[in-house]
Amino acid sequence: MKRKSLLICVLILMQIFLTSCWSRQELNKIAIAVGLGFDKQGDQYQVSAQVVLPSQIAGSKGGVAQAPVNLYKATGRTITEALRKITTRSPRQIYISHLRILVLGEDLAKEGISDVLDSLSRDTETRNDYFIVVAKNAKAEDALKVLTNLEKIPAVRLFSSLETSRKTWAPTSTVTLGTLITELVTRGKNPVLTGLVIEGSVAVGESLKNVESIDSPTQLNYSGLAVFKDDKLIGWLNPEESKVYNYLTNQVKETLAVRKCPHGKMASYKVFDAHAKVKGSMRNGKPEISIQQHMEADLTEVQCKDLDLTNPKTITELEQSINKEVSEQFESTIKKVQKEYKSDIFGFGEAIYRSNPQAWKKLRNNWDQTFVDMPVNIEMDCKIVLLGKVTNSFLQEMKTNK
């Protein structure tokens, strides 16, 4: 009985002394940063932090109208030094555990991003669920200045927009820190990042006027993918080429394809299932890649009056037309990446390694040169599943009646 009483006393004492939160942060002493921007200024790094103003988000009444976020920035020889120096401008310590978006300036991305990523990979407070993008033809600082409609906090809007775009449109890619570092250290696969474009004047975008009108004069849009070779930005893919990349890396959840009808005008298809099988092999001592791309789509819009969709032959012709156009798009995109950028962003090197590890050991040290001239065979298989609520369009009836 005495032992039990003693044990209970010990447990009670442990609860008293061990229930404190050693890493707590008082809310009135921190500034919560939801967006970070990295730029290069000479031989130093500039860090911009988009900080939430709780009073504006809560919708307090009265007082002077104020933006929902503030932007603090500082320069330093390292990223962590610049972050610490921000405290000379901010009354509170910058807290980045709730980071939603990291924007890299294009000039910095061209010089190399591995050094700036090191500090984030070491930080014990940051989570790995934020997205990383590149400000196309712009500074990261300017991208974080622009105020946005619908979502009060611009960094949250950028995060949500990129996530939604990846799920429903496909020419964008959601890349986290862990994914980016993995692709940087993996031979046979170079990384890509989504491009962020500022449309309009930055001066107007950072003022409250930008969110007071229905159609904001300055907007932030995602467009294309930034192509990297090792850790340096070397070029861009346009939206259609970016979609090819996502098809080949099995990142397409859903998208829309617009293709010509056999005899002119256009038709739209909602692609709801897409998966690619990328296989590597060795033939006569040289590597080659075979791609089997499967797609299933529903017809969503038809502008062609002369299509009889009740005829199975018409559906077959449409499928053949789609296969031909998509194959050509795949070929031109792969050739552009091979000849112009000479950077294996598709992971073809990984496919060779999976199929023949011994051959890969001989190829990996000279893979960039081998990748440029490697033959790639494409087999396309697109199936139209549904035609929507109607078969033939009313356009067909209009033509018949006339």
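For segment 32-46, the set of residues classified as over 12 Å from residue 141 (Cα atoms) and among the aliphatic types (A, V, I, L, M) consists of 32, 33, 34, listed by residue number. Within segment 149-170, being modelled with pLDDT of 95 or more, touching a Lys or Arg at 6+ places or on another chain (Cβ under 6 Å) and either more than 21 Å from residue 209 (Cβ to Cβ) or surrounded by fewer than 23 Cβ atoms within 10 Å (Cβ to Cβ) (or both) holds for 156, 159.
Yes or no, residue by residue, for (1) surrounded by 14 or more Cβ atoms within 10 Å (Cβ to Cβ); (2) small (Gly, Ala, Ser):
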{"site": "294", "(1), (2)": "yes, no"}
{"site": "297", "(1), (2)": "yes, yes"}
{"site": "309", "(1), (2)": "yes, no"}
{"site": "327", "(1), (2)": "yes, yes"}
{"site": "363", "(1), (2)": "yes, no"}
{"site": "366", "(1), (2)": "no, no"}
{"site": "384", "(1), (2)": "yes, no"}
{"site": "389", "(1), (2)": "no, no"}
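Restricting segment 112-142 to residues that are in contact with a strand residue (DSSP E or B) (Cβ under 6 Å, 6 or more places away or on another chain) and of a type in the set (Lys, Arg) leaves a set whose member that is surrounded by the fewest Cβ atoms within 10 Å (Cβ to Cβ) is 136. Only one residue in 185, 197, 227 is under 24 Å from residue 372 (Cβ atoms) and modelled with pLDDT of 95 or more. Which one? On inspection, the qualifying residue turns out to be 227. If a residue must be under 17 Å from residue 362 (Cβ atoms) and either surrounded by 13 or more Cβ atoms within 10 Å (Cβ to Cβ) or not polar (S, T, N, Q) (or both), how many such residues does segment 259-288 contain? Total meeting the criteria: 8.
Here are 122, 127, 84, 77: which of them is within 21 Å of the chain's Cα centre (by Cα), without any contact (Cβ under 8 Å) to a residue 40 or more places away in the chain and farther than 22 Å from residue 217 by Cα? Show your work before the answer.
Numbers: 122 fails: within 21 Å of the chain's Cα centre (by Cα); 84 fails: within 21 Å of the chain's Cα centre (by Cα); 77 fails: within 21 Å of the chain's Cα centre (by Cα).
Of the residues listed, the single one that is within 21 Å of the chain's Cα centre (by Cα), without any contact (Cβ under 8 Å) to a residue 40 or more places away in the chain and farther than 22 Å from residue 217 by Cα is 127.
Checked against (1) touching a Leu at 6+ places or on another chain (Cβ under 6 Å); (2) assigned to a helix (DSSP H, G or I), residue 133 meets all criteria but (2). Residue count for segment 275-309 satisfying the condition of being free of Cβ contacts under 8 Å to residues at least 40 places away in the same chain and more than 18 Å from residue 376 (Cβ to Cβ): 1. Taken over segment 307-331, the criterion of being in contact with a helix residue (DSSP H, G or I) (Cβ under 8 Å, 6 or more places away or on another chain) and under 30 Å from residue 230 (Cα atoms) is satisfied by 329, 330. Between 237, 208, the distinction of being in contact with a Leu (Cβ under 9 Å, 6 or more places away or on another chain) and surrounded by fewer than 22 Cβ atoms within 10 Å (Cβ to Cβ) belongs to 208 only.
The values are calculated or read from the model by the stated rules, or taken from the named source; none is laboratory data. Bear in mind that the values here come from a model prediction, so they are computed numbers and not experimental data. Counting neighbours? That spans all protein chains shown, and the Cβs are built from the backbone with ideal geometry, glycine included.
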